[in-house]
Amino acid sequence: MLDPACELVAPPVKLFAVDQDRPLWQRIVAELREKIATGELAPGARLPSRPEIMRAYAVSDAVAKQVARVLIQEGLAEAHSGSGTYVREHRDPQKMVRAWHRSAPFDPTVDPEKRELTWEYRSRTVQAPADVRRRLLMPEPHGDEEDAVRTDYVRKANGEPVELSTSYEPLSLTRGTPIVLPQDGLLAGRGVAARMVSIGVVIDDWQEEVGVRIGTAEECAALRRPPGSYVLTIGRTHYAQDRPVETSDIVLPAERFLLVYGGKMPSPGGDGHPPTGRRAP
């Protein structure tokens, strides 16, 4: 017998007289999504199990699995091992301001939680992988020589993991300096711009490439998200006079954040480009 909160039309019936062009699993997801949006299925309510979906909609087990998987990926539901799938508590996406000069990633004007931001990290020397070498314009490696510092971060807000980041800096730039390890020394935690300027490298530009994909098993586990959840990806590179000096791969839970960007407009009478910084190709 179905949970009263999940009561569906008795099987077998022909549902969805309209919108027959969409796959059946999409139409079932849309119906359940609407029930969640209207509050008919409230936070904490149990969603129909796979056998219940199969009976109520006369569909296969594969379709029922896809329905549950998509609702979990969208952040609308969460699976409890041995118990079932439940409607998640709704949380409005948090604005995350993307600006290299900002010390905090969250917009303080819209962060009523006053989050306590902490991070865990691990730094080590490595040989930069091929994609990092291209982004940092590094030459071909010499044998097994380690030529970059890699730092892996887990950023937390009030103890909850909210961001994964992997940063690379070329050792040709920082070897033998007090800033060779980003989180050690007098400038630990000050950010890449402040650290670099201490050795005479002035960062004057940055670029980010934003994407979305399904998180890997390791990423979902680190972010405490259900397997198969969507994540936002940001490939960020800092430049000093057109020379790339640091690059990072950032991963965020997609349903949790809105990325906010802004910048200065060119001066009136200019050539249409900002007065400083790299121009887009």
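Taken over segment 190-220, the criterion of being of a type in the set (Gly, Ala, Ser), without any contact (Cβ under 8 Å) to a residue 12 or more places away in the chain and exposed (fewer than 13 other Cβ atoms within 10 Å of the Cβ) is satisfied by GLY200, ALA217.
Quick check on PRO244: is it in contact with a helix residue (DSSP H, G or I) (Cβ under 8 Å, 6 or more places away or on another chain) and either at positive phi or in a loop (DSSP other than H, G, I, E, B) (or both)?
Details: in contact with a helix residue (DSSP H, G or I) (Cβ under 8 Å, 6 or more places away or on another chain): yes; either at positive phi or in a loop (DSSP other than H, G, I, E, B) (or both): no.
In short, no.
Looking at segment 209-231, which of its residues are over 11 Å from the mean Cα position of the chain (by Cα) and of a type in the set (Gly, Ala, Ser)? Passing the criteria: ALA217, ALA221, ALA222, GLY228.
This table checks each residue for (1) at pLDDT 85 or above; (2) under 24 Å from GLY228 (Cβ atoms); (3) among the β-branched types (Val, Ile, Thr).
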position: ASP19; (1), (2), (3): no, no, no
position: LEU24; (1), (2), (3): yes, yes, no
position: ARG27; (1), (2), (3): yes, yes, no
position: ALA30; (1), (2), (3): yes, yes, no
position: ARG33; (1), (2), (3): yes, yes, no
position: GLU40; (1), (2), (3): yes, no, no
position: SER60; (1), (2), (3): yes, yes, no
position: THR85; (1), (2), (3): yes, yes, yes
position: PRO93; (1), (2), (3): no, yes, no
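Within segment 245-281, the set of residues being farther than 14 Å from VAL210 by Cβ, modelled with pLDDT of 55 or more and touching a strand residue (DSSP E or B) at 6+ places or on another chain (Cβ under 9 Å) comprises VAL245, GLU246, THR247, PRO253, GLU255, ARG256, GLY262.
The values are calculated or read from the model by the stated rules, or taken from the named source; none is laboratory data. For clarity, every value in this text was computed on a predicted model and none was experimentally measured. With ideal geometry, Cβ positions are generated from the backbone for all residues, glycine too; neighbour counts draw on all protein chains shown.
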